[in-house]
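The values are calculated or read from the model by the stated rules, or taken from the named source; none is laboratory data. Predicted model, so just to flag it, every value in this text is computed and none were measured. Neighbour counts run over all protein chains shown; Cβ positions are idealised from the backbone, glycine included.
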């Protein structure tokens with residue numbers, strides 16, 4: 001059951017706490033702090049962050065020079081320390097501390113009855129409404145490296161990184177409020193020193209528009225540092241003598257928002273989110289400029305000290321993610337964002353084709369149109385490219401080439417599309433030339449036997465491509481490829497003189513799931529007129545098939561690609577997290593299970609049918625195995641020789657000239673070995689109902 005626990009996959013659940021406080025009342029503030037600590041532990045959060053000077057309240061002003069308040073703060077810290085003895089979470093609280101006769105604005109890190117360390121604030125604001133220089137000393141001038149707290153010597157200093165010995169990727173560092181507002185925040189160097197989680201204990205009073213500025217600061221610092229960033233600001237209860245407080249808390253990961261508090265709440269708050277430590281580690285591994293920054297600032301990085309502790313995370317039992325992972329990682333769930341993404345992808349594809357045509361001096365293009373998803377999107381790109389270049393769409397030499405298995409539905413859609421777009425439409429029956437080749441090579445089908453093997457399939461695919469290339473020679477026009485990213489990943493294409501090859505491949509970095517959305521977007525916006533929109537909707541509803549084996553299935557092609565290579569929606573999910581982040585198969589399966597295990601989680605459905613689909617861990621394991629074998633072992637030679645095409649997304653492409661360089665002769669052994677660690681059965685736990693499996697064919701993959 002531990003497979004279904006987020007802590008087994010390098011996730012860390014973290015919490016932001018914004019307690020209701022009373023000014024200069026440490027006992028009351030400690031009580032509210034303890035309440036939220038217990039809530040964080042109950043949620044099984046590894047870390048809970050409180051605001052700046054939260055044990056006293058930030059707005060005490062000259063009361064910070066009163067002995068009674070400082071002693072009260074120490075007493076409150078001792079309560080926090082004792083309460084932490086039986087709690088799992090690391091707690092980070094703010095308080096004023098006297099060290100060597102000076103007063104510091106500090107963050108105290110407490111865990112299981114120990115004070116792991118204390119971090120003083122470096123940058124003290126002394127402008128406008130802020131008077132911290134009146135009360136506190138700068139943390140980076142402190143001489144002491146250890147102080148006595150709770151009867152023990154504990155590390156003290158502005159350059160501490162706290163590292164979990166049993167969760168090696170979990171390392172955190174703290175800074176306080178104004179530190180983030182500086183040109184080079186201390187957390188920048190902490191990240192270079194290895195901290196994957198950055199904390200900010202803040203007070204930050206609210207003024208008009210300041211919340212947006214704070215959010216930008218946190219998002220940008222998280223993105224630049226390739227880190228998680230937790231921010232907790234003072235809320236209700238602070239003095240409103242001259243200022244107001246909104247309790248703004250937020251959690252970001254690599255520039256992406258995960259959670260936030262409710263601003264202006266008249267109560268204490270706790271919000272949780274899961275941080276993906278693998279994502280942070282993988283991004284730092286890939287982004288070589290991060291390593292260069294470590295080298296450039298090695299003197300500053302070397303000043304950091306490590307504080308080791310054992311987290312003792314609850315790794316046994318079922319603990320699913322609360323974090324929502326979109327079922328379609330290449331397709332934004334938000335409709336407005338999705339529409340913007342579709343427009344952007346389309347423009348990238350069009351610009352790529354326009355540049356290629358102008359570079360080679362071509363005014364026409366050749367394209368094969370099947371009536372399916374990929375060729376439809378490529379045809380729309382060609383149409384727009386002609387418009388941009390001021391050329392007639394008749395310069396699109398579009399051919400549909402029915403073979404032995406072409407269905408009436410797709411053939412009708414191909415004809416309607418070519419006519420509706422205004423291309424020069426033509427039809428070539430490839431069956432005579434295919435039959436001649438089958439005779440020439442002695443295939444049983446040419447002798448009247450119904451043998452529909454790989455040779456039978458690829459003779460048709462090869463004939464189509466051969467015709468297109470010779471037409472290209474005849475008209476001095478390049479062949480526009482239609483194959484997509486998903487097919488490249490799975491090797492679901494015919495190599496050489498087949499659909500793997502073209503002069504320019506506009507869909508090469510666009511996954512199958514996104515192409516369906518692109519086509520629906522063009523249909524919804526009537527980009528090519530209402531008649532074409534109706535056809536586009538029909539194309540989007542057509543089963544995905546190479547149509548190389550005769551037969552039909554209730555108006556759909558008999559041969560469905562997903563019977564062989566798996567559901568594209570699931571395989572695109574696997575592709576994204578393996579290609580973009582290099583995750584272990586175990587982790588990819590855990591993410592897929594969280595996203596697809598229940599109809600109530602995941603991406604918003606595009607159609608009502610999407611809302612009904614779900615995959616249990618057994619199906620995830622099965623199709624992930626298919627993906628790993630095809631991606632890592634049997635398909636790279638096709639990608640090594642793939643044609644040019646524009647990269648459209650940060651999810652990556654498979655071009656051997658840019659994003660993905662891999663040997664054509666690698667083995668899938670290590671990935672398939674890790675696959676064995678994935679269970680086949682759903683966890684029988686209350687709150688996680690058993691799922692009905694999605695029916696799929698068990699026929700073995702035949703096309704290569």
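Are any residues in segment 107-124 crowded, with 17+ Cβ neighbours inside 10 Å and either in contact with a helix residue (DSSP H, G or I) (Cβ under 8 Å, 6 or more places away or on another chain) or not assigned by TED's automatic domain parsing to the domain that holds residue 57 (or both), and if so, which ones?
108, 110, 111, 112, 115, 119, 120, 121, 122, 123, 124
Checking residue 327 against (1) without any contact (Cβ under 8 Å) to a residue 24 or more places away in the chain; (2) closer than 30 Å to residue 45 by Cα: exactly one of these is not met. Which one?
The one condition residue 327 does not meet is (1).
If I filter segment 356-384 down to residues being free of Cβ contacts under 8 Å to residues at least 60 places away in the same chain and over 13 Å from residue 479 (Cα atoms), which single residue comes out as nearest to the chain's Cα centre (by Cα)?
Per the stated criteria, the residue is 384.
State all residues of segment 602-618 that are surrounded by fewer than 22 Cβ atoms within 10 Å (Cβ to Cβ) and either at pLDDT 95 or above or farther than 21 Å from residue 516 by Cα (or both); if no residue qualifies, say none.
616, 618
If you go through segment 252-276, how many residues are in contact with a helix residue (DSSP H, G or I) (Cβ under 9 Å, 6 or more places away or on another chain) and either buried (at least 19 other Cβ atoms within 10 Å of the Cβ) or on the phi < 0 side of the Ramachandran plot (or both)?
Qualifying residue count for the region: 13.
Do we find that residue 439 is outside any helix (DSSP H, G or I) and either free of Cβ contacts under 8 Å to residues at least 60 places away in the same chain or not assigned by TED's automatic domain parsing to the domain that holds residue 635 (or both) in this structure?
Criteria not met by residue 439.
Inspect segment 12-19 for any residue being surrounded by fewer than 24 Cβ atoms within 10 Å (Cβ to Cβ), within 20 Å of residue 57 (Cα to Cα), in contact with a strand residue (DSSP E or B) (Cβ under 6 Å, 6 or more places away or on another chain) and at pLDDT 95 or above and give the result as yes or no.
So far as segment 12-19 goes, no, none of its residues is surrounded by fewer than 24 Cβ atoms within 10 Å (Cβ to Cβ), within 20 Å of residue 57 (Cα to Cα), in contact with a strand residue (DSSP E or B) (Cβ under 6 Å, 6 or more places away or on another chain) and at pLDDT 95 or above.
When you scan segment 8-20, do you find a residue that is touching a residue at least 60 places away in the same chain (Cβ under 8 Å), assigned by TED's automatic domain parsing to the domain that holds residue 282 and on the phi > 0 side of the Ramachandran plot, even just one?
Yes, segment 8-20 contains at least one residue that is touching a residue at least 60 places away in the same chain (Cβ under 8 Å), assigned by TED's automatic domain parsing to the domain that holds residue 282 and on the phi > 0 side of the Ramachandran plot.
Just a yes or no: is a residue in segment 405-424 in contact with a helix residue (DSSP H, G or I) (Cβ under 9 Å, 6 or more places away or on another chain), assigned to a loop (DSSP other than H, G, I, E, B) and under 17 Å from residue 527 (Cα atoms)?
Scanning segment 405-424 turns up at least one residue that is in contact with a helix residue (DSSP H, G or I) (Cβ under 9 Å, 6 or more places away or on another chain), assigned to a loop (DSSP other than H, G, I, E, B) and under 17 Å from residue 527 (Cα atoms).
From 413, 349, grab the single residue that is in contact (Cβ under 8 Å) with a residue 60 or more places away in the chain, closer than 21 Å to residue 646 by Cβ and surrounded by 18 or more Cβ atoms within 10 Å (Cβ to Cβ).
From the options 413, 349, the qualifying one is 349.
Please indicate, with yes or no, whether at least one residue in segment 352-371 is in a helix (DSSP H, G or I) and modelled with pLDDT under 95.
no
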